[in-house]
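Here's the structure, in structure tokens; my notes come after.
The values are calculated or read from the model by the stated rules, or taken from the named source; none is laboratory data. All figures in this text were calculated on a predicted structure; none of them were measured in a lab. Here the Cβ positions follow ideal geometry from the backbone for every residue, glycine too, while neighbour counts run over all protein chains shown.
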Amino acid sequence: MPDIAVYHPQIVHFVVALLFVGVPLRVIGLLGKPKWVNPAATFLIVLGALASIGAVESGADAHGPVERIPGARPAVVEHEEWGERARNIFLLVAGIELLSLAFTRKPKIARLVRAGSAVAGIAGLAILFEAAEHGGHLVYEYAGGVGTRSGDPDDVTKLLIAGLYNQANLDRRAGRNADAARLTQEMLRARPDDPQLRFAWAQSLMSDLHDPTAALEQLRTISVGPDDRNMDLRKGLLAADAWVALGMPDSARAVLEPLAQRYPNVGRLQSRLDSLR
């Protein structure tokens, strides 16, 4: 079978959607009305059970790079075990559903078989929920698959930047500004041509290292596109802060006044200008 690791998230979502609709329809179908509910429940449950085979297979293909993340292996194993349990019980439920078709001409027996399917299906949903919850822990607590699923080095760089960014924010909130600055600089080293990261470093020079001169030098390296209103504003406001920190309010006004002309509806620009006067 070809490696289908890259499709694991898509397949899993199909399994969850099909079965979390199919099993409630099976319960409703026990009431006997409307007539379309019983065949719809059977179709969705069987399809969901078949999809669960693909979910387990794609998860097995995907687990290698994820479980090699330090500390992630126990979470990977737990997720796989719950996924296999969900697949097994829903293959059983699908078998019961197909068995009920053999008693089409015996409604009472068919209804009894479908009741068994409903009970097993509800238990299966609880197991499927656990599998999904463990998958969520794997992704959101261990970054399982994030940045590595595609195998694209650029995606791994994005993962690195995200980790550095979040840790820098934690350090900043804890008062470890020098560490926050170091991590921000590492972000820039990972992608030196990114204007957003250049701006983040300029901000860090101002707020973490209290070096407005270096911040202004860094801001001069950032080219702003003609349609990039957000960056134009952020760059101008930070430059004004740097000039004020250097004790040069006239230079700050010289930066803000053209901005206020370009963006007359941005009230904070006028407020800053007023405060400088």
* Output the residues belonging to region 219-230 that are part of a helix (DSSP H, G or I) and either buried (at least 17 other Cβ atoms within 10 Å of the Cβ) or within 29 Å of the chain's Cα centre (by Cα) (or both). => L219, R229, N230
* **Close pairs (7 angstrom Cβ cut-off, 6 or more residues apart or separate chains): in contact (Cβ under 8 Å) with a residue 40 or more places away in the chain in region 1-25, hydroxyl-bearing (S, T, Y) anywhere** => I4/S58; A5/S58; V6/S150; Y7/S58; H8/S58; I11/S58; V15/S52
* To do: May I ask you to say which residue of D241, D232, D228 is more than 30 Å from R176 (Cα to Cα) and not aromatic (F, W, Y)?
  => D228
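Evaluate the following for R172: is it buried (at least 16 other Cβ atoms within 10 Å of the Cβ), in contact (Cβ under 8 Å) with a residue 12 or more places away in the chain and over 28 Å from G225 (Cα atoms)? Steps first, answer last, please.
Details: buried (at least 16 other Cβ atoms within 10 Å of the Cβ): yes; in contact (Cβ under 8 Å) with a residue 12 or more places away in the chain: yes; over 28 Å from G225 (Cα atoms): yes.
Taking the combined requirement at face value, the residue satisfies it.
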* Sort through L233, L216, L238, L209 and tell me the only one that's farther than 30 Å from V66 by Cα and assigned to a loop (DSSP other than H, G, I, E, B). => L209
* Asked: Conditions: (1) under 21 Å from G22 (Cα atoms); (2) of a type outside the set (D, E); (3) without any contact (Cβ under 8 Å) to a residue 60 or more places away in the chain. P70 meets all but one. Number of the miss?
  -> (1)
* To do: Return yes when E186 is at pLDDT 95 or above, surrounded by fewer than 21 Cβ atoms within 10 Å (Cβ to Cβ) and over 23 Å from T157 (Cβ atoms) and no when it is not.
  => no
* To do: Report, by residue number, each residue of region 155-205 that is in contact with a Leu (Cβ under 6 Å, 6 or more places away or on another chain) and in a loop (DSSP other than H, G, I, E, B).
  => R191
* Asked: Restricting the search to region 114-132, which residues are surrounded by fewer than 18 Cβ atoms within 10 Å (Cβ to Cβ) and either among the hydrophobic types (A, V, I, L, M, F, W, C) or touching a residue at least 24 places away in the same chain (Cβ under 8 Å) (or both)?
  -> A115, V119, I122, A123, A126, F129, E130
* What are the residue pairs meeting all of these: first residue in region 34-62, first residue in the same structural domain as I96 (by TED's automatic domain parsing), second residue surrounded by 16 or more Cβ atoms within 10 Å (Cβ to Cβ) and basic (K, R), Cβ atoms under 6 Å, and 6 or more apart or on different chains? -> A41/R26; S52/R87; V56/R87
* Of everything in region 12-49 that's surrounded by fewer than 15 Cβ atoms within 10 Å (Cβ to Cβ) and under 16 Å from L98 (Cβ atoms), which residue is modelled with the lowest pLDDT? -> P39
* Criterion: farther than 30 Å from T42 by Cα and modelled with pLDDT of 95 or more - qualifying residue of R149, R191, R176 -> R176
* Right, E84: surrounded by 14 or more Cβ atoms within 10 Å (Cβ to Cβ), in contact with a His (Cβ under 9 Å, 6 or more places away or on another chain), at negative phi and free of Cβ contacts under 8 Å to residues at least 40 places away in the same chain or not? -> no
